[in-house]
Amino acid sequence: MFFSKFERMIAGRYLRAKRKEGFISVISGFALTGIALGVATLIIVMSVMNGFKSELLSRILGLNGHIMLVSTPGYPFTDYQNAVQSLEKMDGVQIAVPMIEKQLLVSTGSTAEGAVVRAISKEDILKKDVMRSGLKNVNIEAFEDEYVILGERLADRLGVMVGDEITLISPNGKVTAFGTVPRMKSYIILGTFNVGMYEYDSNFIFMPIPAAQKFFSLYGAVTQIDVTLNDGDDLKKMRQSIENSVGLDAYVYDWKQTNAAFFNAIDVERNVMFLILTLIILVAAFNIITALIMLVKDKGRDIEVLRTMGATKSVIMRIFMMDGAYIGIVGTTIGLFLGILFCENIERIRRLLEKLSGKDLFSAEIYFLSQLPAEIDWYEVSVVAIVALALSFLATIYPAYRAAKYDPVEALRYE
């Protein structure tokens with residue numbers, strides 16, 4: 001056994017000997033608290049960043065495909081049914097969804113907002129879990145002709161409800177002798193949707209493909225085809241295969257390309273936060289050094305007596321290293337418990353804090369999501385625990401070395 005019973009007994013006495021009002025000294029308590037807070041904060045922040053990235057990715061891929069085929073300007077996909085069938089026959093492709101996507105202005109007479117119309121068939125809406133589960137009291141079978149489905153936040157901004165009429169205004173209208181006349185047409189709101197992502201809930205309008213083809217004068221064509229893969233890890237290989245099959249007839253993009261800047265920013269912020277918050281544990285480790293040095297100075301006479309009685313330098317070192325390790329282990333354990341407990345209840349805690357403060361602490365307009373996510377990565381939790389324990393252990397080496405240098409002759413000199 002690395003630590004003998006004698007060493008454990010002396011180390012325990014030294015910790016208890018400094019206790020007057022608490023279990024350990026004030027400085028040791030600060031060190032333990034610092035390690036616990038550092039570990040808990042690291043776990044919470046990393047879990048929130050993981051959850052944020054995972055939720056955004058699931059929403060993006062739930063509404064869009066892994067790969068997008070976009071028509072060249074002025075040349076929409078006219079034979080898109082055959083193209084969809086050919087894509088779905090490829091190994092690795094789950095579904096291919098034809099769409100029309102255009103920007104326009106939506107008006108209610110007193111209010112106007114910019115929006116994005118996405119034309120899609122009701123069958124394809126039902127194929128997408130995120131889209132299907134996001135529908136609010138919508139009779140999807142009636143999704144045809146002059147009916148549209150609005151994002152819930154967009155409907156709130158416009159002040160409209162199910163059954164109300166809205167007017168869609170497209171700048172790409174008819175060309176006349178007096179210039180271009182915007183195209184305008186009224187539609188009835190069939191229902192709303194809420195997918196939990198602010199960008200879509202506040203800007204998107206779903207419309208049946210035939211109605212959009214008529215409104216945008218596309219005459220039986222679509223502007224893009226979204227391809228969802230069975231396995232996202234096959235993205236690079238499948239994109240290459242699709243590019244080879246379509247040639248120059250379309251632009252081919254993937255979700256990583258279209259969202260590269262956004263997800264790179266999340267990864268950079270995540271790594272920087274890990275480094276910054278690790279400093280909390282490092283500061284707590286310096287507190288361990290301070291606490292042990294003070295303990296060594298306070299127990300100087302005891303150390304000399306132990307040395308006189310035959311305790312070796314290695315025994316003295318292990319005694320004080322055990323004291324420091326105890327602080328690190330207990331602090332790390334408490335931090336792990338607090339961090340995991342916080343992550344498991346983070347949404348309840350957010351709502352409680354918002355209720356107490358009366359402020360919106362997680363604005364969907366800023367963070368894109370309507371709920372605060374947290375996803376615990378147990379590998380990262382293990383790394384955090386190992387880093388905390390390693391720093392705590394390293395912090396014990398110097399004070400323990402100083403304790404081992406005490407000369408037993410000094411004890412005999414003053415007797």
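Test Ile293 against the stated conditions and say whether it is within 23 Å of Thr33 (Cβ to Cβ), without any contact (Cβ under 8 Å) to a residue 60 or more places away in the chain and of a type outside the set (S, T, N, Q). Talk me through it step by step, then tell me what you get.
Details: within 23 Å of Thr33 (Cβ to Cβ): yes; without any contact (Cβ under 8 Å) to a residue 60 or more places away in the chain: no; of a type outside the set (S, T, N, Q): yes.
Criteria not met by Ile293.
Would you call Asp226 surrounded by fewer than 19 Cβ atoms within 10 Å (Cβ to Cβ) and either in contact with a Leu (Cβ under 6 Å, 6 or more places away or on another chain) or acidic (Asp, Glu) (or both)?
Working: surrounded by fewer than 19 Cβ atoms within 10 Å (Cβ to Cβ): no; either in contact with a Leu (Cβ under 6 Å, 6 or more places away or on another chain) or acidic (Asp, Glu) (or both): yes.
Against the criterion (surrounded by fewer than 19 Cβ atoms within 10 Å (Cβ to Cβ) and either in contact with a Leu (Cβ under 6 Å, 6 or more places away or on another chain) or acidic (Asp, Glu) (or both)), Asp226 does not qualify.
Run Ile189 past the list (1) farther than 18 Å from Val130 by Cα; (2) surrounded by fewer than 19 Cβ atoms within 10 Å (Cβ to Cβ) and report the number of the one that doesn't hold.
That leaves (2) as the condition not met.
Can you report the number of residues in segment 241-265 which are surrounded by 14 or more Cβ atoms within 10 Å (Cβ to Cβ) and among the aliphatic types (A, V, I, L, M)?
Counting residues in segment 241-265 that are surrounded by 14 or more Cβ atoms within 10 Å (Cβ to Cβ) and among the aliphatic types (A, V, I, L, M) gives 4.
From (1) part of a loop (DSSP other than H, G, I, E, B); (2) surrounded by 14 or more Cβ atoms within 10 Å (Cβ to Cβ), pick out the condition that doesn't hold for Ser217.
So the condition that Ser217 fails would be (2).
Within segment 108-149, can you find the residues that are at positive phi and charged (D, E, K, R)?
Step one: list which residues in segment 108-149 are at positive phi, which gives 109, 137, 145.
The answer is Asp145, and nothing else.
Restricting attention to segment 117-146, and to residues there that are farther than 12 Å from Leu190 by Cα and among the hydrophobic types (A, V, I, L, M, F, W, C), which single residue is nearest to the chain's Cα centre (by Cα)? Steps first, answer last, please.
The initial filter retains those residues of segment 117-146 that are farther than 12 Å from Leu190 by Cα, namely 117-134.
Applying the additional criterion that residues be among the hydrophobic types (A, V, I, L, M, F, W, C) yields 117, 119-120, 125-126, 130-131.
On the way: Val117: 28, Ala119: 30, Ile120: 29, Ile125: 26, Leu126: 27, Val130: 18, Met131: 21 Å.
Across segment 117-146, the extreme among qualifying residues is Val130.
Quick grid of which residues meet (1) more than 29 Å from Glu113 (Cα to Cα); (2) in contact (Cβ under 8 Å) with a residue 60 or more places away in the chain:
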{"site": "Phe193", "(1), (2)": "no, yes"}
{"site": "Ile205", "(1), (2)": "no, yes"}
{"site": "Val222", "(1), (2)": "no, yes"}
{"site": "Lys236", "(1), (2)": "yes, no"}
{"site": "Arg239", "(1), (2)": "yes, yes"}
{"site": "Ala250", "(1), (2)": "yes, yes"}
{"site": "Tyr253", "(1), (2)": "no, yes"}
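I want to confirm something. Restricting to segment 303-360 and keeping residues that are among the aliphatic types (A, V, I, L, M) and not in a helix (DSSP H, G or I), which single residue is modelled with the highest pLDDT? Before you say what the answer is, go through the steps one by one.
So in segment 303-360, the residues among the aliphatic types (A, V, I, L, M) come out as 303, 305-306, 309, 311, 315-317, 319, 321-322, 325, 327, 329-330, 334, 336, 338, 340-341, 346, 349, 352-353, 356.
Okay, now just the ones that are also not in a helix (DSSP H, G or I), so 309, 311.
Values: Met309: 73, Ala311: 70.
Across segment 303-360, the extreme among qualifying residues is Met309.
For (1) polar (S, T, N, Q); (2) more than 23 Å from Pro73 (Cα to Cα), each residue gets a yes or a no:
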| position | (1), (2) |
| --- | --- |
| Glu113 | no, yes |
| Arg118 | no, no |
| Arg153 | no, yes |
| Ser170 | yes, no |
| Ile205 | no, no |
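Identify, from the list Glu380, Glu375, the residue that is at pLDDT below 85 and over 17 Å from Ile10 (Cα atoms). Full working, then the answer.
Details: Glu380 fails: at pLDDT below 85.
None of the other options fit; the residue is Glu375.
Pull up segment 136-153, narrow it to residues that are aliphatic (A, V, I, L, M) and at pLDDT below 90, then point me to the one that is nearest to Glu199 (Cα to Cα).
Val138
The values are calculated or read from the model by the stated rules, or taken from the named source; none is laboratory data. Everything quoted here is computed from the prediction, not taken from an experiment. Note that each Cβ is placed from the backbone with ideal geometry, even for glycine, and that neighbours are counted across all protein chains shown.
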